[in-house]
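Written below as structure tokens is the structure these notes are about.
The values are calculated or read from the model by the stated rules, or taken from the named source; none is laboratory data. It should be emphasised that the depicted structure is a prediction, and the values quoted were computed from it without experimental measurement. So basically every Cβ, Gly included, is an ideal-geometry build from the backbone, and we count neighbours across all protein chains shown.
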Amino acid sequence: MTGRVMKTFILGVLVVCLLTLLGIYHVWRQFRLVCAGGELAKASLELENLTVNNELLKAEYLSLRTSQRFRPELFLSAGMKQPASNEVLVVKASPAEGSR
């Protein structure tokens, strides 16, 4: 009878250990899911902020491009002169070293 009780006890301990490990795994998986959700929320907020900033920069670029405030009369009133065509140097941007 003692051998049978011992086997039942060991089997019970193994079942309890298995259920404990299963519970720990479930909690760990849920914790990782919550962490990933937090990271996703941060990235979404950053994307939204960058999108708004990009739209503002586009609007500013278009307003500066189409602005009439750089007319020759304004250059003269500010004491400036229009540059000659040989005084303007256009520098073309090359890609950064690490972007290739």
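Restricting segment 1-43 to residues that are among the small types (Gly, Ala, Ser) and at pLDDT 95 or above, which is farthest from the chain's Cα centre (by Cα)? Among those residues, the one meeting the criterion is 12. Look at segment 14-28: where a residue is without any contact (Cβ under 8 Å) to a residue 24 or more places away in the chain and assigned to a helix (DSSP H, G or I), no partner that is among the aliphatic types (A, V, I, L, M) and surrounded by 10 or more Cβ atoms within 10 Å (Cβ to Cβ) sits 6+ places away or on another chain with Cβ atoms under 9 Å.
Residue-level check: of (1) surrounded by fewer than 10 Cβ atoms within 10 Å (Cβ to Cβ); (2) under 19 Å from the mean Cα position of the chain (by Cα); (3) at pLDDT 70 or above, residue 46 misses just (1).
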